[in-house]
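Below: one structure, written as structure tokens.
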Amino acid sequence: MGYNLKDIYNSFVTEGSFLNGEPFGSGHIHDTFRIETIEKDKDDYILQRLNNKIFKNIPELQHNIERVTVHLRNKLRDIPGSDIKRECLRLIPSHEGKSWIMDNEGNYWRMYIFISNHRSYNLVDSPDKAFEGGKAIGRFQAMLADMPGGPLFETIPWFHNIDKRLETLNLKITENPVERVKSVKAEIDQVLQRAEEMKIILKLGSENKIPIRITHNDTKFNNILLDENDKALCVIDLDTVMPGFVHYDFGDAIRTAANTASEDEQDLSKIKMDINRFKAYSEGYLSETGDTLNDIEKEYLAFAPRLITYTIAVRFLTDFIDGDNYFKINHKLHNLQRARAQLGLVKSMEEQYEPMRRIIRELTEI
Ligand code: ADP
Ligand code: GN1
Ligand code: MG
């Protein structure tokens with residue numbers, strides 16, 4: 001991937017001069033680079049080659065992010081003491097006035113200011129950090145609740161729709177494109193056994209018992225940056241901000257913030273959901289959103305981590321069966337390893353479902 005990062009960088013309106021660019025972070029979707037500038041008093045940048053196999057309409061995707069970040073910045077301006085540059089992503093315009101460019105090879109690129117002095121965690125090691133994550137996502141949802149201008153574009157249709165995800169899994173099992181189905185019979189069984197109970201959130205939605213709101217839809221913990229004191233700083237990775245149920249964000253954050261092991265842990269005995277971190281995240285989240293959620297939304301928060309962890313397991317397994325076309329992988333069995341780890345986490349959540357429900361009931365007084 002010999003991209004000419006300097007030329008690409010110079011297509012955007014920047015303050016500092018290009019010093020160097022290195023791969024950065026551990027996202028599974030885009031190619032992300034940190035650009036350092038020569039002048040020490042100028043910002044660094046994050047430059048991303050966008051994955052347009054996954055996101056089919058980059059101009060609409062970018063338009064969503066423009067709308068969301070403008071709205072968040074307007075909100076932050078009204079809050080005394082806000083550090084607007086670090087609490088909200090800022091897109092850098094190109095010389096043509098767009099928030100993205102296309103290079104000569106047809107790659108799409110965008111650039112943000114690098115959020116300085118942040119901390120990013122793939123693994124969370126304390127209830128305090130989980131609490132801060134909950135506050136960050138709760139505040140993010142609350143600030144977007146009154147965004148003007150009609151619904152956001154759906155950047156990936158049916159993103160968390162478990163019916164559609166299972167349909168795709170079944171299709172890939174039938175197609176068996178790379179002859180891997182036989183090797184994953186046990187995992188397929190574990191998925192299919194649970195399929196029926198996972199439909200509940202969609203059912204509540206279709207009965208209008210839970211509303212569609214603006215949600216982030218990719219709240220894994222490394223998409224929530226903390227500051228140098230480990231306090232909530234900024235929610236990033238806004239590609240999937242679109243209409244959704246609050247359960248998707250709550251569930252995905254617990255999947256990562258309360259897991260005692262990494263997302264792809266090979267030793268399944270290490271994987272547990274830590275109930276203290278579950279409680280802390282819930283406290284942080286509800287401190288920002290408690291007043292806005294209806295009783296049914298609150299009641300089903302305890303179920304949400306099971307649904308989203310299961311959904312991600314289905315997606316990893318589907319990608320494995322499909323020959324690894326979606327998620328970036330580090331080795332041949334990576335998606336299978338991830339699917340197994342996520343199924344292990346689902347089991348741990350099932351075992352602790354009653355305490356999870358009790359915690360939510362106590363915190364919400366429903
Ligand atoms: P992906 O969809 O591939 O996960 P992200 O937008 O989440 O892409 O970016 C990947 C990583 O780059 C993030 O996890 C984070 O570590 C880092 N990152 C992204 N944007 C910024 C930013 N504006 N400032 C600092 N770090 C960032
Ligand atoms: C991807 O973009 P990233 O790495 O933050 C994925 C999420 C999955 C996650 C699993 C657009 O998130 O849905 O939950 O990997 N994002 C997209 O780690 O598919
Ligand atoms: Mg990310």
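Other residues whose C-beta falls under 12 angstrom from the C-beta of Glu22 contribute a net charge of -2, scoring Lys and Arg +1 and Asp and Glu -1.
Scale the Cα Rg of the stretch 5-113 by the rule-of-thumb value 2.2 N^0.38 Å and send over the ratio, two decimals.
Details: Rg = 14.3 Å, N = 109, 2.2 N^0.38 = 13.1 Å.
Relative to the 2.2 N^0.38 Å estimate, the stretch 5-113 comes out at 1.09.
What's the local net charge at Gly133, with K and R +1, D and E -1, over the other residues with C-beta under 14 Å away? Within the 14 Å Cβ shell, the charges total -3. Rounded to 0.05, the FRET efficiency of the Glu350 and Asn4 pair, given R0 = 41 Å and the Cβ-Cβ distance, is 0.25.
Between Val181 and Arg34, full extension at 0.36 nm per residue minus the direct alpha carbon distance yields a gain of 49.0 nm.
Given R0 = 30 Å, the distance between the Cβ atoms of Asn229 and Asp146 translates into a calculated FRET efficiency of 0.50. Per-residue Karplus couplings for the stretch 50-64, computed as 6.51 cos²θ - 1.76 cosθ + 1.60 with θ equal to phi - 60°, are listed in order as 7, 7, 8, 6, 8, 9, 6, 10, 5, x, 5, 4, 5, 4, 4 Hz, Gly and Pro entered as x.
Between the amide H of Ile210 and those of Gly205, distances stay under 5 Å, these residues lying 5 or more places away or on another chain, with hydrogens modeled in the peptide plane. Would you compute the Debye intensity of the stretch 113-204 from its alpha-carbon atoms alone, equal scatterers and no solvent, and pass along log10 I(q)/I(0) at q = 0.10 Å⁻¹ to two decimals? Taken in order of the listed q values, log10 I(q)/I(0) reads -0.55.
Given a 1.4 Å probe and heavy atoms of the protein chains only, how would you sort Tyr112, Tyr3, largest accessible area at the top? Walk me through the numbers before you get to the answer.
Working: Tyr112 10, Tyr3 55 Å².
Solvent-accessible surface, decreasing: Tyr3, Tyr112.
Per residue and in Å³, how big is the convex hull formed by the alpha-carbon atoms of the stretch 222-352?
Working: hull volume 17.3 nm³, N = 131.
Value for the stretch 222-352: 132 Å³ per residue.
Quick one: pull the percent of accessible area on the stretch 127-364 belonging to carbon and sulfur, 1.4 Å probe, ligands and nucleic acids left out. With neighbouring chains kept in place, the figure for the stretch 127-364 is 49 percent.
Sorting the segments 76-82, 95-101 by their mean number of nearby beta carbons within 10 angstrom, highest to lowest, gives 95-101, 76-82. Counting only protein heavy atoms and using a 1.4 Å probe, the accessible area of His331 comes to about 80 Å². For Thr215, the amide hydrogen comes within under 5 Å of the amide hydrogens of Met242, Gly244, counting only partners 5 or more places away or on other chains and with H modelled in the peptide plane.
Placing unit charges on C-beta atoms (Lys and Arg positive, Asp and Glu negative, everything else neutral), compute the dipole magnitude of the stretch 5-113 about its Cα centre in debye, rounded to 20.
Working: 16 positive and 17 negative charges, 81 e Å.
Result for the stretch 5-113 is approximately 380 debye, rounded to the nearest 20.
Net charge near Asn161, counting Lys/Arg +1 and Asp/Glu -1 over other residues with Cβ under 14 Å of its Cβ? Here the count lands on +2.
Here is how the number arises for the chain: DSSP H runs of 4 or more residues each give -39500 (n - 2.57), the sum is divided by the residue count, and the result at 222 nm is -13500 deg cm²/dmol. Under the shape rule built on the C-alpha gyration tensor, where the axes satisfy a ≥ b ≥ c, the stretch 53-178 is oblate, since a/c reaches at least 1.5 while a/b does not exceed b/c.
The string of couplings for the stretch 335-350 from the Karplus curve (6.51, -1.76, 1.60, θ = phi - 60°) is 5, 5, 4, 5, 4, 4, 5, 5, 5, x, 5, 4, 4, 4, 5, 4 Hz, one whole number per residue in order, with x for Gly and Pro.
Counting only Cα atoms, the size of the chain along its three principal axes is 55, 52, 38 Å, in decreasing order. The loop-placed GluC sites (Glu not before Pro) in the stretch 303-366, going by DSSP, that have at most 16 neighbouring Cβ atoms within 10 Å of their Cβ come out as Glu365.
Within the full protein context, the accessible area of Leu166 is estimated at about 20 Å² for a probe radius of 1.4 Å. Amide H to amide H distances under 5 Å link Gly25 with no residue, where only residues 5 or more positions off or on other chains count and H is placed in the peptide plane.
Ranking Leu76, Ser287, Ile254 by Cα position along the charge dipole of the chain, where only Lys, Arg, Asp and Glu carry charges on their C-beta atoms, puts Ile254 farthest toward the positive end. So which of Lys129/Lys347; Lys272/Lys332; Lys135/Lys182; Lys42/Lys220; Lys182/Lys272; Lys6/Lys56 end up more than 32 Å apart by C-alpha? Violating the 32 Å Cα-Cα cut-off are Lys135/Lys182. In a reduced charge model with +1 at each Lys and Arg Cβ and -1 at each Asp and Glu Cβ, the chain shows a dipole moment near 440 debye about its Cα centre. Our summary of shape: the Cα atoms of the stretch 162-224 have principal axis extents of 40, 32, 18 Å, ordered from largest down, in whole angstrom.
Just how large is the dipole of the stretch 85-164 about the Cα centre, in debye to the nearest 20, putting +1 at every Lys and Arg Cβ and -1 at every Asp and Glu Cβ?
280
Starting from the Kirkwood Rh over alpha-carbon pairs, what translational D in µm² s⁻¹ does the stretch 215-299 have by Stokes-Einstein at 25 °C and 0.890 mPa s? All intermediate terms of the calculation are to be shown ahead of the outcome.
Numbers: Rh = 14.1 Å.
Value of D from the Cα-based Kirkwood radius: 175 µm²/s.
The values are calculated or read from the model by the stated rules, or taken from the named source; none is laboratory data. Treat the numbers as computed from the prediction; the structure is a model and nothing was measured. Here the Cβ is made from the backbone with ideal geometry for all residues, glycine too, and neighbour counts use every protein chain on show. Ligands, DNA and RNA are excluded from the accessible area calculation, which covers all protein heavy atoms including side chains. Shrake-Rupley method; radii C 1.70, N 1.55, O 1.52, S 1.80 Å.
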